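What follows is calculated from the coordinates using simple rules that are stated; it is not laboratory data. It should be emphasised that the depicted structure is a prediction, and the values quoted were computed from it without experimental measurement. Here the Cβ is made from the backbone with ideal geometry for all residues, glycine too, and neighbour counts use every protein chain on show.
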Amino acid sequence: FQYLKRFDQGCDLDTFWYEALSVEGSPAECLQIFLLHCGVVDPSWAELHNFTWFLNVQLRDCEASVFCNPDFVRDTLNGF
């Protein structure tokens, strides 16, 4: 949710890191953003669950990768 919210606001995601246990927005806002980005017109709860689980895994791996660390790559992969 934190990444998608900032993406919609046009923020630079290259310098953002997920803040564990932090709460942002309301449950309704979270659901609305997931519905906008999941890619299914009328998703079931299972489809939303799978979307959020997959996105979470990908973003966690991205944050753990040295190749996605802005301090390491500097401006060589800007926006990647």
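Summary of values
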{"item": "Relative contact order %, the chain, counting alpha carbon pairs below 8 Å whose residues are six or more apart", "result": "31"}
{"item": "On Cα atoms only, tilt of 27-37 relative to the major axis of the chain in degrees", "result": "70"}
{"item": "Options (i) 18, 40, 29, 12, 1; (ii) 16, 45, 31, 8, 0; (iii) 18, 49, 25, 7, 0 - which one matches P(r) over Cα pairs in 10 Å bins from 0, in percent as calculated here", "result": "(ii)"}
{"item": "Among Leu21, Leu36, Leu13: highest mean-square fluctuation, GNM of the chain, C-alpha pairs under 10 Å", "result": "Leu21"}
{"item": "Segment Glu29-Leu55, length gained on full extension (0.36 nm per residue, minus Cα span)", "result": "7.6 nm"}
{"item": "Helix axis angle, 45-64 relative to the chain longest principal axis, alpha carbon, degrees", "result": "10"}
{"item": "Within a Gaussian network of the chain (alpha carbon springs, distance under 10 Å), most fluctuating of Trp45, Trp53, Trp17", "result": "Trp45"}
{"item": "Longest segment of the chain lacking GluC sites (Glu not before Pro) that sit in a DSSP loop with at most 15 other Cβ atoms within 10 Å", "result": "25-80"}
